[in-house]
Amino acid sequence: MTWIIGQTEHSLLEGLAGVEFLVLDKRAGRRGMRELKERLKARRYDLLLQMQDSLRASRVALMTRCRRRVGFDRRRARDFQWLFTTERIAHRPRQHVMEALFGFAEHLGIERPAAPRWDFPLSAEDAQAAAGMAPGRPFCILSPLSSQRRGAFRNWPAERYAGVARHVVEQLGGEVLLTGSGSLKERDYAAVIAAQSGVTDLNGRTTLKQLAALIGLARLVVCPDSGPAHIAAALGTRVVGLYAGSNPDRSGPWGNREFTVNRYPQAVRKSLGKGVEDVRFGRRLRSGDVMNEIAAADVIETVERAWALPGRNLQP
């Protein structure tokens, strides 16, 4: 099996048993695509699973010497993906992204396991580094920002995150670790949160594998629709997910939705004057203030419920 993958994703999955990775440097633009094309030139494949429906993914698919290309059904495929595939998975309306991906296995006649297992290839060094950053008492991870790619506004105000952090420290007796990639915007966010609450700022100080190991040790994770939410869901760590600009029915933490704060219906009504059932499933709201629909009091109440449960993790 060969997996064509981006650099960020590869930094988490490098070392996964039985998989050869071909890394696409998206930041290199055309040069990155040319380098990938050169690596694919002498290869032939029996089957391509085109599990991303972007135009760039379709361009990559055309580079592979493979006659059998499986993609999404036409009603769900974006960017004209159906023009680049020879087979399509069955249509399932209003389906979570993860369920849609399982549709590829279903198409191939592969039986779905009752309890999927997520084998993140974390080393002993990753686990040791995470243990060294973890405090000696129960802690919460705050991962406040999500990518703004393509105008997806999913970031909650820093001052409200600070209020949640103060509550965990002062009322629940826990600690809060602030994580992020270390970008300029995240450093600015972290500075506001740290100035108003008793957090430990680890922004930019963890690799993605170390972050995954740290998430596995946490009592819970508070974050918007983002990578850490899905890593936590895979590891069985409780997720307090903050959703207003995106629909958690489509992209919420899969199998870990008990503590989702969902204000998407209210945001759709306010922004579009419609009900959720009247808009395209999974439509994102791109208003800059959409996350203001989530009140700090609602997040604090949800954090309290998640914190009060015995044990650290759910069953993964």
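The values are calculated or read from the model by the stated rules, or taken from the named source; none is laboratory data. These figures come from a predicted structure and were not determined experimentally. Heads up, the Cβs are rebuilt from the backbone with ideal geometry, glycines too, and the neighbour counts pull from every protein chain shown. Only protein heavy atoms, including side chains, enter the accessible area calculation; ligands, DNA and RNA are left aside. Shrake-Rupley method; radii C 1.70, N 1.55, O 1.52, S 1.80 Å.
Would you check if V192 is farther than 27 Å from D289 by Cα, over 20 Å from the mean Cα position of the chain (by Cα) and surrounded by fewer than 22 Cβ atoms within 10 Å (Cβ to Cβ)? So V192 does not fit the description; no.
Considering only the stretch 209-229, how many residues are modelled with pLDDT of 95 or more, of a type outside the set (A, V, I, L, M) and part of a helix (DSSP H, G or I)? Residues in the stretch 209-229 being modelled with pLDDT of 95 or more, of a type outside the set (A, V, I, L, M) and part of a helix (DSSP H, G or I): 4 in total.
Screening the candidates G227, G174, G216, G204 for the property of being surrounded by fewer than 24 Cβ atoms within 10 Å (Cβ to Cβ) and at positive phi yields one hit, G204. Only one residue in R44, R67, R27, R56 is open to solvent by 80 Å² or more (accessible area, probe 1.4 Å) and at pLDDT 95 or above, so which one is that? It is R44.
Cβ separations smaller than 8 Å between residues 6+ apart or across chains give the following pairs from the stretch 292-316 residues that are at pLDDT below 95 to residues that are open to solvent by less than 80 Å² (accessible area, probe 1.4 Å) and part of a helix (DSSP H, G or I): R312/L217; N313/G216; N313/L235; P316/A234; P316/L235.
Among the acidic types (D, E) and surrounded by 21 or more Cβ atoms within 10 Å (Cβ to Cβ): does that describe E293? Considered against the rule, which asks whether it is among the acidic types (D, E) and surrounded by 21 or more Cβ atoms within 10 Å (Cβ to Cβ), E293 comes out as yes. When you scan the stretch 112-128, do you find a residue that is open to solvent by less than 80 Å² (accessible area, probe 1.4 Å), touching a helix residue (DSSP H, G or I) at 6+ places or on another chain (Cβ under 7 Å) and not in a loop (DSSP other than H, G, I, E, B), even just one? So far as the stretch 112-128 goes, yes, one or more of its residues are open to solvent by less than 80 Å² (accessible area, probe 1.4 Å), touching a helix residue (DSSP H, G or I) at 6+ places or on another chain (Cβ under 7 Å) and not in a loop (DSSP other than H, G, I, E, B).
Set side by side, the residues R238, R250 differ, and just one is outside any helix (DSSP H, G or I) and on the phi < 0 side of the Ramachandran plot, which is R238. How many residues does the stretch 270-290 contain that are surrounded by fewer than 13 Cβ atoms within 10 Å (Cβ to Cβ), in a loop (DSSP other than H, G, I, E, B) and more than 22 Å from the chain's Cα centre (by Cα)? So the count comes out to 3.
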